[in-house]
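The values are calculated or read from the model by the stated rules, or taken from the named source; none is laboratory data. The structure presented is a predicted model; accordingly, all values stated were derived computationally and were not measured. In this analysis, Cβ positions are derived from the backbone assuming ideal geometry, glycine residues included, and neighbour counts consider all displayed protein chains. SASA here: full protein model, heavy atoms, side chains in, ligands and nucleic acids out. Shrake-Rupley method; radii C 1.70, N 1.55, O 1.52, S 1.80 Å.
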Amino acid sequence: MYEFHPYFTNDGSTGLYNSACNDIYHSATGALTEAYEKFIYPIDSNNLLAKEKINVLDICYGIGYNTKSFLKFLYENIALLNNYATVHTDNAKNKTDYYGKIYTDNIFSKISITAVDSDKILLFLSPFIKTGVRHYKNEKLNFNYPNIKKYLYAAKPKHPPKIYDLINFLLFEKIAQNEPEFLGNDELASILNEETYKPYLNSQIKGLHQFYLNSCDTFNTEPHKRLNLHNIYYKYLSKHYKNTLKSTKLEDINFIPKIGDAREIIKVDKNTYDLIFLDAFTPSKCPCLWSLEFFQELYNHLDEDGMLLTYSMSAPVRNAMLQSGFTIGNNIHEGKCIGTISVKNPTLIKHPLSEFEFGLLKTKSGIVYRDKNLTDQNESIIERRNAEVKNSNLISSSKYKKKFKIL
Ligand SMILES: C[S@@+](CC[C@H](N)C(=O)[O-])C[C@H]1O[C@@H](n2cnc3c(N)ncnc32)[C@H](O)[C@@H]1O
């Protein structure tokens with residue numbers, strides 16, 4: 001039986017708890033807020049939107065907040081640029097942005113998002129997740145899951161954010177096209193039909209799913225009927241959505257869901273990416289996605305002007321990034337460091353690490369996780385690192401901190 005434990009986070013978006021490893025997938029501050037701060041704010045939009053093609057790799061897609069936030073970011077930026085260009089240029093095909101860079105009319109058709117997660121059900125569920133139902137601001141949430149249960153029944157959909165609804169529609173359609181068997185998945189169906197999960201799920205997408213399900217045979221087999229279904233799908237959308245879809249061309253985005261171990265997927269992947277989001281569970285629990293060898297792969301998959309974004313600031317992770325060839329910097333938001341930015345082009349780093357932070361990486365705590373063939377279990381990667389730390393002659397991080405204070 002699939003374990004699915006949702007709860008509401010402080011910004012009203014849904015977070016998940018993982019009972020198997022007693023860990024949460026999203027921060028208490030707000031799942032969407034976190035995605036925006038850690039993965040979207042640091043993006044250099046002028047540089048990115050001026051590119052010919054934009055490839056994004058969302059590693060550990062989960063229920064898709066990083067991809068959803070990226071789509072919202074695009075929507076907002078393109079709307080802004082379009083408004084500006086409409087006012088300031090009369091060239092309909094190529095428009096000029098504030099800094100004189102050219103971008104083409106339909107930037108969305110140039111965007112490709114590859115979403116990787118080992119959990120098929122979460123990926124399938126992602127379009128069904130409501131991205132905001134009410135604000136819990138100032139309410140104290142206790143993240144011990146049983147104590148959150150009371151919130152299950154508390155939510156009343158009031159003003160769902162429209163752009164995220166639109167994005168969920170798009171993801172549903174894209175996933176259905178790429179992975180049609182998802183429509184009939186039993187585990188997904190059992191979650192969708194469970195009464196206690198109702199407050200977290202978007203009823204319009206559920207309706208759409210039911211509609212597709214009823215037409216499943218035709219959907220799978222006959223392209224012309226699929227097209228017909230696609231048209232009926234549009235009838236499900238309100239006028240507002242239809243107009244927004246038409247005007248934004250968001251639907252032109254290429255979305256490629258990939259289910260499996262990110263290590264296996266990256267090994268055979270031939271693409272390079274302008275943005276890589278790395279949102280794996282914490283390194284001490286899931287070191288297989290934070291090893292030196294994994295970062296070496298990511299380095300080879302990053303564009304020369306690309307950016308790898310992650311929430312982790314841990315010493316073994318940062319050291320592995322450095323040893324793989326990345327230049328790294330802090331992601332500073334409202335005066336606080338909330339993650340690490342890794343690049344190949346050092347001019348993209350706005351907040352370099354301090355002398356103290358670099359020094360910390362040379363202590364025992366900076367010893368990297370190793371996974372030579374990218375096939376080891378998390379437990380053996382942890383054991384191997386523990387042994388290396390034990391036998392190491394490097395200074396401990398606590399001694400280093402004391403010494404640094406004295407100097
Ligand atoms: C912290 S959650 C990510 C949350 C996600 N970004 C979101 O917006 O919901 C970590 C995710 O890593 C996935 N995961 C764990 N091990 C993995 C692996 N080896 N390869 C790919 N995904 C993995 C889990 O299924 C989970 O969805």
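Kindly evaluate I338 against the criterion of being touching a residue at least 12 places away in the same chain (Cβ under 8 Å) and in contact with a strand residue (DSSP E or B) (Cβ under 9 Å, 6 or more places away or on another chain). Here the answer is yes, as I338 does meet what is asked. Would you check which residues across segment 77-88 are open to solvent by less than 40 Å² (accessible area, probe 1.4 Å) and at pLDDT below 60 and list them? Matches in segment 77-88: L81, N82, A85.
Mind listing whichever residues of segment 1-19 are aliphatic (A, V, I, L, M), over 20 Å from A115 (Cβ atoms) and within 14 Å of the ligand (Cβ to nearest atom)?
Step one: of segment 1-19, the residues aliphatic (A, V, I, L, M) are 1, 16.
So of that shortlist, the ones also over 20 Å from A115 (Cβ atoms) come out as 1.
None; the set is empty.
A single entry from D252, D269, D261, D303 fulfils the requirement of being within 16 Å of the ligand (Cβ to nearest atom) and either at pLDDT below 95 or open to solvent by 40 Å² or more (accessible area, probe 1.4 Å) (or both): D261. Restricted to segment 44-76, and to residues there that are away from the ligand (no atom under 16 Å from the Cβ) and open to solvent by less than 20 Å² (accessible area, probe 1.4 Å), the residue that is nearest to Y25 (Cα to Cα) is L74.
Only one entry of S312, S284 meets the criterion of being in the same structural domain as N386 (by TED's automatic domain parsing), of a type in the set (S, T, N, Q) and open to solvent by less than 10 Å² (accessible area, probe 1.4 Å), and that entry is S312. Looking across segment 289-300, the residues that are within 14 Å of the ligand (Cβ to nearest atom) and open to solvent by 10 Å² or more (accessible area, probe 1.4 Å) come down to L289, E293, E297. For the structure I just gave you, tell me whether F277 is within 13 Å of the ligand (Cβ to nearest atom), in a helix (DSSP H, G or I) and under 18 Å from D117 (Cβ atoms). No.
If you filter segment 327-341 down to residues that are of a type in the set (A, V, I, L, M, F, W, C) and open to solvent by 10 Å² or more (accessible area, probe 1.4 Å), you find that the one that is nearest to E293 (Cα to Cα) is I341.
Condition check ((1) touching a Pro at 6+ places or on another chain (Cβ under 8 Å); (2) part of a loop (DSSP other than H, G, I, E, B)) across all residues:
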site	(1), (2)
S342	no, no
E357	no, no
K362	no, yes
Y369	yes, yes
N373	no, yes
D376	no, yes
E379	no, no
E383	no, no
A387	no, no
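Name the residues in segment 20-36 that are touching a residue at least 60 places away in the same chain (Cβ under 8 Å) and more than 13 Å from the ligand (Cβ to nearest atom), would you? Once the filter is applied, which keeps residues that are touching a residue at least 60 places away in the same chain (Cβ under 8 Å) and more than 13 Å from the ligand (Cβ to nearest atom), segment 20-36 yields only A28.
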